[in-house]
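Asker: Let me begin by handing over the structure; questions about it come next.
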Amino acid sequence: MRRALLRVGLAAALLLALGVSGIMCARVADRGRYATAYSTYSAGPEGGRALYELAHALGHPTQRWVEDLEGLPDGAVLVAMGGCLAEQHRPLSRYESERLGEWVRRGGTLMVFGAARYVPEDYPAHLTRLPGQCHH
């Protein structure tokens with residue numbers, strides 16, 4: 001009897017876990033993507049995975065940078081993508097902005113596509129939005 005109750009309890013817990021995971025998967029599917037907009041992990045319409053894969057296929061060294069910007073290797077290229085629908089998770093700190101500017105002055109290449117907050121304030125180039133585009 002006790003063994004039967006244990007089996008019923010385990011089966012109920014398993015069904016509950018499967019139900020919860022099914023609901024979570026359905027919610028992710030409703031959103032239509034597993035990664036945030038402009039992420040190199042996302043192959044959706046707003047994803048950057050195609051750009052990442054293309055650069056890799058063309059023989060360029062590619063790396064998803066998740067470290068402090070201070071650690072960017074000299075002579076590398078940093079591609080920052082963003083837009084109206086995807087704000088930065090947090091703005092760059094003054095320290096990070098200064099390190100990014102120094103990295104560019106040492107020969108790093110910063111390519112910015114819509115991620116206006118990645119351009120340091122004292123940087124000689126600025127992004128201008130066309131009329132009708134979103135504003136920050």
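Asker: Return a yes/no flag: does region 111-127 have any residue that is modelled with pLDDT of 80 or more and assigned to a loop (DSSP other than H, G, I, E, B).
Answerer: No - not one qualifying residue is present in region 111-127.
Asker: How many of the residues in region 39-62 are aromatic (F, W, Y) and more than 19 Å from A76 (Cβ to Cβ)?
Answerer: Going through region 39-62 one residue at a time, the tally reaches 1.
Asker: Find the residue count for region 47-81, including only residues that are over 13 Å from the mean Cα position of the chain (by Cα), of a type in the set (V, I, T) and either over 22 Å from G114 (Cα atoms) or not in a strand (DSSP E or B) (or both).
Answerer: Final tally of qualifying residues: 1.
The values are calculated or read from the model by the stated rules, or taken from the named source; none is laboratory data. Here the structure is a predicted model, which is why all the values come from computation and not from measurement. Reconstructed Cβ throughout: ideal geometry from the backbone, glycine too, with neighbour counts over all protein chains shown.
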